[in-house]
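Heads up: the structure comes next, in structure tokens.
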Amino acid sequence: MDQPTEQIQSELENFREQWRAEVSARSRNAASSQQQQQQQRTTSTQAGPSASNKPPRRTEFTHRKAASKTIHLEDEDEYFQAQHFDEPDPSTAIGAQKLGRQDATSTKVREQEPQTALDFYEKAVEKETSGKLGDSLQLYRKAFRMDDNVDQSYRNKHFPGRWSKPAQINPSNAPVTVPNTAHHSLEGPALSIPDLISSFSDLRIEGAPPECEGVPAPPCPISELPDEILVHILRDVAVADVGDFVRLARVCKRLAYLVATEDQIWRRVCLGSEFGFGAMHYHWQCGIQWEPLDVAQELAEDADVFTLEELAQRRQEESRAATNVFLRSLYAGSWQTMFRRRPRIRFNGCYISTVNYIRSGQASVQQVTWNSPVHIVTYYRYLRLYRDGTAISLLTTDEPVHVVHHITKANLALHQGGAGPHLPSAVMGSALKGRWRLSSAADNPDAGLADMEGDLYVETEGVGPKYMYRMELTFRSAGKAAARNNNKLAWKGFWSYNKLTDDWAEFALRHSKPFFFSRVKSYGIGE
């Protein structure tokens, strides 16, 4: 019995060894085949396009841009939204920073390619706003081929309040027995904005709640301040930046009430020279080339004044008196309303006019064509106004993102006479010096009180030393909101003056477009 048992055990051991050897051989063959496949894939990848006669399919796009910041549709007054150049100057970016980022950039670009009809429409609006009509027309065609009602979708996305009609709670043909549900709201009827703000008068600033139960709430020192000190702090914020002061209304209801009702803060803003009418000029402050004015000529306008200091003091008193008259007569004694609606210049940006027009071309004489070619012409006018009464005017085909950061007096002096053509700010070689002033009662003696102000006069250098350009613009609203009254400058006239012959020649305003204000963060609050 022992010998057969030992024989069986030896046969089992031999079978196990053969089975193990077979399994290990199979695993080696599988690993070697996988390595060969990987080497083949690597070789084909490194070979590139030459390894295959057929190009690979592209299942996704390579570009896509976000929604446009500037909205400009059929009615520019209704849909206008001012541009903001808060990003730094692209010319100051260092080229070395782009090394090692090509893969991330290409991936981001592929993700930003428009895919839907709405994406194409938004990109077309962006191109049209920047003046690239040819590209915008192609994008509009693609969008409408994909969706006939893409324009309605765009309006519903960006302007939902303008197109959605309020639901009629009780139709006019409803029977008398049907109750009006508008009177059964749990919160009562909706309050008007003045009444809503008045309801915040008894509220106080509340601190943040505790992070968890049983833990004391974090301290809120500003809630313990008396209103006198709080108003003084808000006034300092308004003097530093009136936009930040207004945005404080979003913090809490108490600050919203103070921002809307503290008239002494708005009075300081209106009369100050930071953002208000203390920096407005209703007389020329310098010559066209920024030279000082002729003292004798200035004093000749008023026989009772003998020095420039007395003349400036008198003009300041007249401006303050006119401000008080307008406050009572036109703005119902509200300094806030006056600041929002009275015409004034803004110095923390520049005014840009985008001009587009189509010019017919000439058909080819060597071949028969069904259509005649056309040329889409695009150029820009830039106008930056300074606090001291000086101005810079520029006419160029370069887009605003490449120009606005260079419109400075230093760059104008640097590129005078065409110097420095290799610099990014070389576009300033075509800029012109000038001066500006606002209209007053002296310019419109027969006009009514509401029409005495509202015009802007700009005089710049001409094409030669014997010429001078004069632009007359008027303030208009760039939208339905009253806060946009000072964002648009419409043309009233454009003339060229010959100093030698004393002749005036008027330019045609056929293709001219109004100026729209665009804030530039690099300007700060303006010089």
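The values are calculated or read from the model by the stated rules, or taken from the named source; none is laboratory data. On a predicted model such as this, the values are computed, not experimentally measured, just so you know. Cβ coordinates were reconstructed from backbone atoms using ideal geometry, including for glycine residues, and neighbour counts include every protein chain displayed. Side chains included, ligands, DNA and RNA excluded: accessible areas come from the protein's heavy atoms. Shrake-Rupley method; radii C 1.70, N 1.55, O 1.52, S 1.80 Å.
May I ask for the net charge around residue 201, where only other residues with Cβ less than 10 Å from the Cβ of residue 201 are counted and Lys, Arg are +1 while Asp, Glu are -1?
Charge balance near residue 201 sits at +1.
On a 18 Å Cα-Cα criterion, which of the cross-link pairs 488/513; 409/433; 433/466; 433/513; 157/513; 127/492 come out too long?
From the list (488/513; 409/433; 433/466; 433/513; 157/513; 127/492), the Cα-Cα distance tops 18 Å for 433/513; 157/513; 127/492.
Rounded to whole Å, give me the distance from the Cα center of region 230-273 to that of region 210-226.
Here the answer is 24 Å between Cα centres.
Measuring from a point 7 Å past the Cα of residue 251 along Cα-to-C-beta, which residues in region 189-218 have an amide N at less than 18 Å?
Residues 200-209, 218 fall inside that zone.
For region 196-267, what is the relative contact order in percent, using Cα pairs closer than 8 Å and at least 6 residues apart in sequence?
That works out to 34 percent.
Between residue 206 and residue 492, what is the label-to-label distance in nm when each label sits 7 Å out along the Cα-to-Cβ direction?
5.2
If r is the Cβ-Cβ distance from residue 410 to residue 304 and R0 is 30 Å, what FRET efficiency results, to the nearest 0.05?
0.15
Where does each of 354, 460 land when they are ordered by accessible area, with a 1.4 Å probe and the largest first?
Largest to smallest exposure gives the sequence 354, 460.
Give the shape of region 416-483 as rounded, prolate or oblate, defined through the alpha-carbon gyration tensor: a ≥ b ≥ c are the square roots of its eigenvalues, a/c under 1.5 means rounded, and otherwise the shape is prolate if a/b is larger than b/c and oblate if not.
oblate
Could you check the spin-label model distance between residue 13 and residue 112? Points 7 Å from the Cα along Cα→Cβ, value in nm.
Taking the two extended label points, one gets 7.4 nm.
What number comes out for the charge environment of residue 497, summing +1 per Lys or Arg and -1 per Asp or Glu over other residues with Cβ under 13 Å away?
With Lys, Arg at +1 and Asp, Glu at -1, the neighbours total -3.
Label-point separation (nm) for residue 325 and residue 149, each offset 7 Å from Cα along Cα-to-Cβ?
In this crude label model, residue 325 to residue 149 measures out at 5.7 nm.
Indicate the gyration tensor shape class of region 272-352 (rounded, prolate or oblate), computed on the Cα atoms with a ≥ b ≥ c the square roots of the eigenvalues: a/c under 1.5 is rounded; otherwise a/b larger than b/c is prolate and the rest oblate.
oblate
With a Förster radius of 35 Å, plug the Cβ-Cβ distance of residue 356 and residue 291 into 1/(1 + (r/R0)^6) and report the FRET value to the nearest 0.05.
Computed FRET efficiency for residue 356 and residue 291: 0.45.
Using each residue's phi in region 205-217, evaluate 6.51 cos²θ - 1.76 cosθ + 1.60 at θ = phi - 60° and report the 3J(HN,Hα) Karplus result to the nearest Hz, with x for Gly and Pro.
My calculation for region 205-217 gives 6, 9, x, 6, x, x, 5, 8, 5, x, 10, x, 5 Hz in order.
With contacts defined as alpha carbon pairs under 8 Å and 6 or more residues apart, what's the relative contact order of region 308-464 in percent?
Once divided by the residue count of region 308-464, the mean separation gives 16 percent.
Return the sequence-ordered ³J(HN,Hα) values of region 374-388 in whole Hz as given by the Karplus equation 6.51 cos²θ - 1.76 cosθ + 1.60 applied to θ = phi - 60°, using x for Gly and Pro.
Residue by residue, region 374-388 yields 10, 10, 9, 9, 9, 8, 10, 10, 10, 9, 10, 10, 10, 5, 7 Hz.
Using a 1.4 angstrom probe on the protein heavy atoms only, could you order 262, 224 from most to least accessible area?
Ranking 262, 224 by accessible area, largest first, yields 224, 262.
May I ask you to compute the full-extension gain from residue 20 to residue 402, defined as 0.36 nm times their residue separation minus their alpha-carbon distance, rounded to one decimal in nm?
Taking 0.36 nm per residue and subtracting the Cα distance, the gain is 130.2 nm.
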